[in-house]
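The values are calculated or read from the model by the stated rules, or taken from the named source; none is laboratory data. No experiment lies behind these values; they were computed from the predicted model shown. Note that we place each Cβ from the backbone using ideal geometry, even for glycine, and neighbour counts take in every protein chain shown.
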Amino acid sequence: MAQNKKTRTRRGGWFHPAAIVLLLVGVVWGVGYLFFVRAWDFPGIGRIDPIADLGHWNWAIAAVLVVAASLVAGSTAPEPEPGQSVGWRYAAPLMIGSAAIGLVWIVTFYTLANTDIDIPLYSDLGNWNLVIGMGFIVGAFGFAMKWE
């Protein structure tokens, strides 16, 4: 008679609860700062003064939370079995897409820089658009490392 034991599998990588929580808190912190702390009129929620007092440090806090989530996910990822492929099948399309978005972001910024065209939020970022575009391009290199 076979025993019907339920074996508990260890959750690792991006399925680790700490990685998920840190990632969600980081994204919510960044989006919350963007929408709820700025002077924009968001229905039902006003300005959150304790977070607003931190100013641009909110971006650093959100980034640290996301990096911490990445470190937890990387350190808890299970080791692949011998002979198992470690590549990711969606790495190539994501790499190409990320590089294309970064290139289009930067080209759009340079094209619209000296015109009267105003794109909400995009135009407000100013030279930070270059950082965002380069971030997508650097992300493409990260996806390239997962490509097999």
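Values for this structure:
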| read-out | value |
| --- | --- |
| Pairs with Cβ under 6 Å, 6+ apart, first in region 18-40 and under 21 Å from Ala52 (Cβ atoms) and at pLDDT below 80, second assigned to a helix (DSSP H, G or I) and of a type in the set (A, V, I, L, M) | Val37/Ile51; Val37/Ala52 |
| Those helices (runs of 4 or more DSSP H) lying entirely in region 47-119 with at least 1 residues assigned by TED's automatic domain parsing to the domain that holds Gly32 | 49-52, 57-76 |
| Any chance Ala73 is in contact (Cβ under 8 Å) with a residue 24 or more places away in the chain and either under 19 Å from the mean Cα position of the chain (by Cα) or within 17 Å of Gly26 (Cβ to Cβ) (or both) | yes |
